[in-house]
Amino acid sequence: APDAGRAVAVVLGKDENNSLYAYSYYGLFRINLANHTVSMLYKAEIETGSINTAEMHNGVIQFGTNYGLFSYDIRTGVEDKVHSELFNRVSKLHYGTGGNLWVAADNSLFLYRNDVFEMVGENRGVPANEFIASETDKEGSIFFGGTNGLIEIGDTYSYVMEKDKQI
């Protein structure tokens, strides 16, 4: 089926009530482990676009679409657009140390902290790249993998691009 990959649900995390949270191309979901039910929290709409990526932190799910970055508060059920003129299409999100959100969008990388977006681009040693995967190691370094290679961001936000590494 052509849309089979889009229907895959990715688990984001668990809350104190033992519910799991997940996302797919079509929306955000709560999975109640006690009674084995799935409920849709947010349905992707034409205005916001289908969900490309999501991350959960402190009761809030941040999610990216082709139309920007959005947040969904699990406690209140409120969805909101995080306004920025810097990018549109968000391809990957990743929470780093201290709750800082890394946003891969429009072949660039941004750091969102204290309600301000900071571009982390060629001026800081990070070339254009379509980031599609990320992971944090035990020392706090974040690894972003993309179509143009692998980048390591140290816990002090120093950058190393290694084109020869394969994902």
(request) Scan Ser39, Ser50, Ser84, Ser71 and give me the residue that is without any contact (Cβ under 8 Å) to a residue 60 or more places away in the chain, open to solvent by 20 Å² or more (accessible area, probe 1.4 Å), in a strand (DSSP E or B) and farther than 23 Å from Thr136 by Cβ. (result) Ser39
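Can Ala128 be described as among the aliphatic types (A, V, I, L, M) and either at positive phi or modelled with pLDDT of 90 or more (or both)? Don't jump to the end; show me each part of the working.
Numbers: among the aliphatic types (A, V, I, L, M): yes; either at positive phi or modelled with pLDDT of 90 or more (or both): no.
Taking the combined requirement at face value, the residue does not satisfy it.
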(request) Check off (1) out of contact with any Asp or Glu (no Cβ under 8 Å at 6 or more places or on another chain); (2) over 19 Å from Ile142 (Cα atoms); (3) in contact (Cβ under 8 Å) with a residue 12 or more places away in the chain for Ala105 and give me the number that stays unchecked. (result) (2)
(request) Search region 116-134 for residues that are acidic (Asp, Glu) and pair each with any residue that is open to solvent by 90 Å² or more (accessible area, probe 1.4 Å) when their beta-carbon atoms are under 6 Å apart and the residues are at least 6 apart or on different chains. (result) Glu130/Thr147
(request) Please go through region 101-115 and pick out each residue that is over 25 Å from Ile46 (Cα atoms), modelled with pLDDT of 90 or more and either outside any strand (DSSP E or B) or open to solvent by 20 Å² or more (accessible area, probe 1.4 Å) (or both). (result) Tyr112
(request) Those residues that are at pLDDT 85 or above and surrounded by 17 or more Cβ atoms within 10 Å (Cβ to Cβ), I need them from region 131-167; list them, please. (result) Phe131, Ser134, Ser141, Ile142, Phe143, Phe144, Gly145, Gly146, Leu150, Ile151
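The values are calculated or read from the model by the stated rules, or taken from the named source; none is laboratory data. Note that this is a predicted model, so its numbers are computed, not measured. With ideal geometry, Cβ positions are generated from the backbone for all residues, glycine too; neighbour counts draw on all protein chains shown. Calculation scope for accessible area: heavy atoms of the full protein, side chains included, ligands and nucleic acids excluded. Shrake-Rupley method; radii C 1.70, N 1.55, O 1.52, S 1.80 Å.
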